[in-house]
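As structure tokens, the structure follows; a few thoughts come after it.
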Ligand code: S3P
């Protein structure tokens, strides 16, 4: 765990210029995983140099995969083939990353050797039964700590059988864990979702040559094939761009251009919501890159109006609620978030932590079990705690831009899990970030 870091965010002038956010976290994790299991050498460009994705790469190194990092954001992965992983001599440390742990639980369930997945204090409190139960139904031998939380101990040489599963919660991590276990299973694995979630695992399996059928809400594959190495370019992470979209929307006089942002439709719910609130965000140079829609996003200041966030959009913006809460606080009128109970089991309880932080800044927020009512107003300065949650730390730097005084944000070190260069990029765009 990194040393404790506190930041100060102060009101600043308009945000201006062009920036490029780092590579997509979800895609970077999956790129390393599938490249490691492929036959041949895969080159990944635009890889996210974050602590979460580096944890995944370190785990595959420990499992015997050679991974070169010839320059930042580039990885050359020497695949070992679908059955080529070797046992690690130690626990596999997923750090803060739920994606790493849940996807690896599926992938490792099909190996011939035992492994143990561990994580940091936050990850060690996160629910794992959503993957452990269906994986057991596939024949996996996997144990949690007894309370449904990590560490996960996986016993090798299980004979996996395909499973048809409809997860209770909308979760790309659960879907992906089952599909990755399905690579090693006899017969067909089918995941049917009530609300479709991000489909990167499906798209990437297809790009690596694994036969898979998928459409929004359903993915099916069978075991017994092989993956072929391929080149990949990871687009900019929409979830990292989100902080800048909100920041430039709320700071008068701002105009920012965010280059090369991934716009997978299962990720861009916040775009829809911000536009419905009155935001001025335009897409330029829309293009396809590595099978993903990418565009440059131009965002200009515009007065925002509170809205009722449609619950159906929640899965498409599941990582964007800390940013949305700040947009709602800076908007006029009331914003209602509902149908978002999943936020309580993210890197922190994002409903509780955002609500208490905004209240400390004088914003009227009523917490509900599955969301919140946020009455827009003027944030005062003061002190808030990010609870070690990267997205909450970044969201509060945005609140600091429109606060009436300086804002101290405690516990920001974990910003490096998803966005290591955030402070520098934010300062370049015009944020008044101090000590960061
Ligand atoms: C992710 C899926 C989402 C998201 C997380 C990344 C992924 O989690 O919140 O940041 O890469 O599959 P859930 O599957 O728990 O919704």
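At a glance:
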read-out	value
Check on residue 17, more than 22 Å from residue 244 (Cβ to Cβ), surrounded by fewer than 24 Cβ atoms within 10 Å (Cβ to Cβ) and touching a strand residue (DSSP E or B) at 6+ places or on another chain (Cβ under 8 Å)	no
Whichever residue in the range 256-293 is part of a strand (DSSP E or B) and surrounded by 23 or more Cβ atoms within 10 Å (Cβ to Cβ) and, among such residues, is nearest to the chain's Cα centre (by Cα)	262
Considering residues of the range 80-98 that are more than 19 Å from residue 201 (Cβ to Cβ) and within 16 Å of the ligand (Cβ to nearest atom) only, the residue farthest from the chain's Cα centre (by Cα)	95
Matching residues in the range 18-38 - criterion: being farther than 17 Å from residue 177 by Cβ and either more than 14 Å from the ligand (Cβ to nearest atom) or part of a loop (DSSP other than H, G, I, E, B) (or both)	18, 19, 20, 21, 22, 24, 35, 38
Residues (in a strand (DSSP E or B), within 20 Å of the chain's Cα centre (by Cα) and buried (at least 21 other Cβ atoms within 10 Å of the Cβ)) located in the range 39-74	44
Residue among 384, 365 that is touching a helix residue (DSSP H, G or I) at 6+ places or on another chain (Cβ under 7 Å), closer than 27 Å to residue 280 by Cα and outside any helix (DSSP H, G or I)	365
Residues being away from the ligand (no atom under 16 Å from the Cβ), outside any loop (DSSP other than H, G, I, E, B) and closer than 24 Å to residue 185 by Cβ - total across the range 104-125	4
Test: residue in the range 57-67 that is at pLDDT 95 or above and within 16 Å of the ligand (Cβ to nearest atom)	yes
Meets criteria (more than 16 Å from the ligand (Cβ to nearest atom) and either closer than 28 Å to residue 208 by Cα or surrounded by fewer than 24 Cβ atoms within 10 Å (Cβ to Cβ) (or both)) for residue 101	no
Identity of the residue in the range 315-335, farther than 15 Å from residue 238 by Cα and surrounded by 23 or more Cβ atoms within 10 Å (Cβ to Cβ), that ends up nearest to the ligand (Cβ to nearest atom)	325
Single unsatisfied condition, residue 312 versus (1) surrounded by fewer than 24 Cβ atoms within 10 Å (Cβ to Cβ); (2) part of a strand (DSSP E or B); (3) in contact (Cβ under 8 Å) with a residue 24 or more places away in the chain	(2)
Filter result for residue 245 (over 30 Å from residue 42 (Cβ atoms), touching a strand residue (DSSP E or B) at 6+ places or on another chain (Cβ under 6 Å) and away from the ligand (no atom under 16 Å from the Cβ))	yes
In the range 399-419, the residues that are surrounded by 17 or more Cβ atoms within 10 Å (Cβ to Cβ) and assigned to a loop (DSSP other than H, G, I, E, B)	402, 403, 411, 412, 418, 419
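The values are calculated or read from the model by the stated rules, or taken from the named source; none is laboratory data. What you are looking at is a predicted structure, and each value in this text was computed from that prediction instead of being measured. Cβ: placed from backbone, ideal geometry, glycine included. Neighbour counts: every protein chain shown.
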